[in-house]
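Q: Supplied in structure tokens, the structure appears directly below.
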């Protein structure tokens, strides 16, 4: 298997300037192709900028938008991940990431988890996606797309890996914050992201490709630091913080096989166990079944009753 | 030689990353607004000195205008410190005495309190800066820090007025740390912070609390969401905690855009929500 050259477009999109950003994408696609890249990844909302608020509707595109078709055509013999505001037929707006291959849109992932807390307000302006799928790609491996916050939910990486992804691609607009000098790399956000990406790569024994934007929208500065992590959890490439650029690195997809043979975590996953327990938890949380793992007098969602701990071991039927 | 300043451990920041973020922030704010230059009021104190250094680092000193706006009771040492910053950076500077404007207003009101006078001076300086913003073709850069903003030690539409603020999320202790990293003259870092409204005035005497203690308290209460009981357990005096809590709550209005009565279908700041800078909003 010949090495795969990955290009990470760590760009600073211009907020709300769709045409300008599209033109920039075309330039970068040309540049990456000339550099021999087989996969080129742009950041979350690279075509529109992040902090759109009410501008979201103005820059939204339907999937049959000719501007997307033109971008897809430009990919030819490359795989390119772009991100934009997608408007559905029923006029919901999604934060979308699309895999463009062979001149067409091969797959669209709609951001599943929309952070609406702290400095984030996404749910106010966007709808959340409902589908999580790994898809085949011309790269010869399954690809799983995720957008930023999607990776702050454990199940996403695992579902994608179980569904056949060997290459997990996360596109982000992650605002840098927490400059406490005690942080490992001087930036709290970067430390957190690095921890979770290495963990995901190792636990799913997959490559993780992370493309994060740079630049400034209003108050917030995006930190870049795009990365490629090997299936053993080791960083293959780390782009500098805050610096705009097209960064490339090579990986050997054969590493996935090596890692999965040596460390068969994915083989040993128990999805049927997850489904069973999750189905139970969903029913219990909805009040459709009593909480079978809680003390009798426990407040809903708390599991532990006030007073002395008693009870039989969970999972065993009490003797009558 | 005593330490240049006291830096509580939990407040220490990575100054190289802070400088990187702030430089990009300053350039971004100017570019998105269609400006290439900046203007600020240089008091001789540490906050405006740090911002001047940051602006110079981001866009070059030649694009910065520092305006010195002393009142007749301002300390000559403040002016000398401000001039030292101008000399070190090599930026343009202007001297605008505000005494005639302020004294003209209070001529028939000799008993006006120092609070009224101080606020009026701060707003007069704001008016001068926004006028110079036109003559210099530059945006007004804010120089208020997080400590004074949280306790409300600012004049509404006075020193807090600006187009953008690079240090508004840094406590005084962190501004000092940044000042040292930037090479701000030591005398400015070392001296007691003051609004410089009358001889001998200092922030810490007026608020009856030291900056390192206040910064730590604000950090634990605001950034780390610790309860009153929890910060008392950390060693803070309960009466002090209660007093600072009141200062924070009492100045909430100074940190926000004034509310507009909701009447129509779309109201600015309520359900008409756009970025401050968007396509078409940059000056051409």
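The values are calculated or read from the model by the stated rules, or taken from the named source; none is laboratory data. Just so it is clear, the model here is predicted, and its values are computed rather than measured. Neighbour counts run over all protein chains shown; Cβ positions are idealised from the backbone, glycine included.
Q: Might you check whether a residue that is touching a strand residue (DSSP E or B) at 6+ places or on another chain (Cβ under 6 Å) and at pLDDT 95 or above occurs anywhere in the stretch B:98-106?
A: No, because not a single residue in the stretch B:98-106 is touching a strand residue (DSSP E or B) at 6+ places or on another chain (Cβ under 6 Å) and at pLDDT 95 or above.
Q: Any chance the stretch A:249-261 includes a residue that's within 14 Å of chain B (Cβ to nearest Cβ), touching a residue at least 60 places away in the same chain (Cβ under 8 Å) and surrounded by fewer than 24 Cβ atoms within 10 Å (Cβ to Cβ)?
A: No, the conditions are met nowhere in the stretch A:249-261.
Q: Would you mind telling me which numbered condition in (1) modelled with pLDDT of 95 or more; (2) crowded, with 18+ Cβ neighbours inside 10 Å; (3) assigned to a loop (DSSP other than H, G, I, E, B) residue B:225 fails?
A: (2)
Q: For residues in the stretch A:169-195 being touching a helix residue (DSSP H, G or I) at 6+ places or on another chain (Cβ under 6 Å) and more than 14 Å from chain B (Cβ to nearest Cβ), which is surrounded by the most Cβ atoms within 10 Å (Cβ to Cβ)?
A: Ranking the candidates gives A:170 first.
Q: Determine whether residue A:161 is under 14 Å from the mean Cα position of the chain (by Cα), in a loop (DSSP other than H, G, I, E, B) and more than 16 Å from residue A:227 (Cβ to Cβ).
A: no
Q: Can you tell me which residues in the stretch B:244-275 are surrounded by 14 or more Cβ atoms within 10 Å (Cβ to Cβ) and touching a residue at least 12 places away in the same chain (Cβ under 8 Å)?
A: Result: B:244, B:245, B:247, B:248, B:251, B:254, B:255.
Q: If you go through the stretch A:135-157, how many residues are part of a helix (DSSP H, G or I) and in contact (Cβ under 8 Å) with a residue 24 or more places away in the chain?
A: 7
Q: Condition check: farther than 28 Å from residue A:220 by Cα, in contact with a strand residue (DSSP E or B) (Cβ under 9 Å, 6 or more places away or on another chain) and either in the same structural domain as residue A:171 (by TED's automatic domain parsing) or outside any helix (DSSP H, G or I) (or both). Does residue A:132 satisfy that?
A: So residue A:132 passes the test.
Q: Also, quick follow-up: Evaluate the stretch B:84-97: report whether one residue or more is closer than 28 Å to residue B:244 by Cα and not assigned by TED's automatic domain parsing to the domain that holds residue B:222.
A: Scanning the stretch B:84-97 turns up no residue that is closer than 28 Å to residue B:244 by Cα and not assigned by TED's automatic domain parsing to the domain that holds residue B:222.
Q: Among B:66, B:48, which is crowded, with 22+ Cβ neighbours inside 10 Å, more than 14 Å from chain A (Cβ to nearest Cβ), touching a strand residue (DSSP E or B) at 6+ places or on another chain (Cβ under 9 Å) and without any contact (Cβ under 8 Å) to a residue 40 or more places away in the chain?
A: Every option except B:66 fails the conditions.
Q: Checking the condition part of a helix (DSSP H, G or I) and surrounded by fewer than 22 Cβ atoms within 10 Å (Cβ to Cβ), which residue from B:181, B:195 passes?
A: Exactly one residue qualifies, and that residue is B:181.
Q: Something else: Go through the stretch A:114-129 and give me each residue that's assigned to a loop (DSSP other than H, G, I, E, B) and farther than 17 Å from residue A:97 by Cβ.
A: Once the filter is applied, which keeps residues that are assigned to a loop (DSSP other than H, G, I, E, B) and farther than 17 Å from residue A:97 by Cβ, the stretch A:114-129 yields A:116, A:117, A:118, A:119, A:120, A:121.
Q: Are any residues in the stretch A:262-279 assigned to a helix (DSSP H, G or I) and under 17 Å from residue A:201 (Cβ atoms), and if so, which ones?
A: Selection gives A:262 alone.
Q: Here are some residues: A:231, A:271, A:235. Which one is crowded, with 24+ Cβ neighbours inside 10 Å, on the phi < 0 side of the Ramachandran plot and touching a helix residue (DSSP H, G or I) at 6+ places or on another chain (Cβ under 8 Å)?
A: Of A:231, A:271, A:235, the one residue that is crowded, with 24+ Cβ neighbours inside 10 Å, on the phi < 0 side of the Ramachandran plot and touching a helix residue (DSSP H, G or I) at 6+ places or on another chain (Cβ under 8 Å) is A:231.
Q: I'd like to verify a number: residues in the stretch A:205-245 that are out of contact with any strand residue (DSSP E or B) (no Cβ under 7 Å at 6 or more places or on another chain) and away from chain B (no Cβ under 14 Å), how many?
A: Number of matching residues: 4.
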